[in-house]
Amino acid sequence: MIYRKIDDLVRTRKLYEDASLRMGDVADVLGTNRTYVSRALMNCDGGFNNFIKRIRVEKITAYLEMVRETGECLMDGEDMAISYGFTNRRAMDRALKQFLGKTFYDIRKEITERDRPLR
């Protein structure tokens, strides 16, 4: 199925980290056309943009879990946005809100409050 090929390609080559990634780029790497890619993603994820945002949010969620488990310092919001392929923090916040119902600020607050010792 073309969807699995697209998903595998985007994840293994970390194409989601490229803020300028376009559907045509994915189609070119797969050796197919944009229409074929578009139809496959529309049927499964509601389109290319939702597909890419969902993967980026999954990767951010995995990073945040690692921060929670290890106590590692949390990356700055703007740096995190750029690292995971968003053009800026506002774009990342919109995606986080869409898929998780929370912004980066909300998540950062949860992490810092959980790590704060009780008095």
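Do you know which of the residues in region 24-46 that are under 19 Å from Gln98 (Cβ atoms) and either assigned to a helix (DSSP H, G or I) or modelled with pLDDT of 95 or more (or both) is nearest to the chain's Cα centre (by Cα)? Lay out the reasoning, then the answer.
As a first pass, look at region 24-46 and keep what is under 19 Å from Gln98 (Cβ atoms): 41-42, 44-46.
This time we only want the ones that are either assigned to a helix (DSSP H, G or I) or modelled with pLDDT of 95 or more (or both), so: 41-42, 44-45.
Numbers: Leu41: 16, Met42: 18, Cys44: 17, Asp45: 14 Å.
My answer is Asp45.
Based on what the data block shows, is Met75 of a type outside the set (Gly, Ala, Ser) and touching a Ser or Thr at 6+ places or on another chain (Cβ under 8 Å)? First the steps, then the outcome.
Numbers: of a type outside the set (Gly, Ala, Ser): yes; touching a Ser or Thr at 6+ places or on another chain (Cβ under 8 Å): yes.
Answer is yes for this residue.
Of everything in region 43-75 that's among the charged types (D, E, K, R) and surrounded by 13 or more Cβ atoms within 10 Å (Cβ to Cβ), which residue is farthest from Ala27 (Cα to Cα)? Spell out how you get there, then give the answer.
Step one: of region 43-75, the residues among the charged types (D, E, K, R) are 45, 53-54, 56, 58-59, 65, 68-69, 72.
Okay, now just the ones that are also surrounded by 13 or more Cβ atoms within 10 Å (Cβ to Cβ), so 45, 53-54, 56, 58-59, 68.
Values: Asp45: 16, Lys53: 18, Arg54: 19, Arg56: 19, Glu58: 22, Lys59: 22, Arg68: 37 Å.
Looking at the filtered set, the residue picked out is Arg68.
Return yes or no: is Phe99 hydrophobic (A, V, I, L, M, F, W, C), more than 17 Å from Asp8 (Cα to Cα) and within 11 Å of the chain's Cα centre (by Cα)?
Working: hydrophobic (A, V, I, L, M, F, W, C): yes; more than 17 Å from Asp8 (Cα to Cα): yes; within 11 Å of the chain's Cα centre (by Cα): yes.
Considered against the rule, which asks whether it is hydrophobic (A, V, I, L, M, F, W, C), more than 17 Å from Asp8 (Cα to Cα) and within 11 Å of the chain's Cα centre (by Cα), Phe99 comes out as yes.
Filter region 14-42 for residues that are among the small types (Gly, Ala, Ser) and loosely packed, with under 14 Cβ neighbours inside 10 Å and give the result.
Going through region 14-42, the residues among the small types (Gly, Ala, Ser) turn out to be 19-20, 24, 27, 31, 38, 40.
Listed by number, the residues that qualify are Ser20, Gly24, Gly31.
Helices (runs of 4 or more DSSP H) wholly in region 58-119 with at least 1 residues that are touching a residue at least 60 places away in the same chain (Cβ under 8 Å) - which ones? Full working, then the answer.
Details: elements: 77-83, 89-100, 104-115.
Answer list for region 58-119: 77-83.
The values are calculated or read from the model by the stated rules, or taken from the named source; none is laboratory data. Note that the structure is predicted; figures quoted are calculated from it, not measured. So basically every Cβ, Gly included, is an ideal-geometry build from the backbone, and we count neighbours across all protein chains shown.
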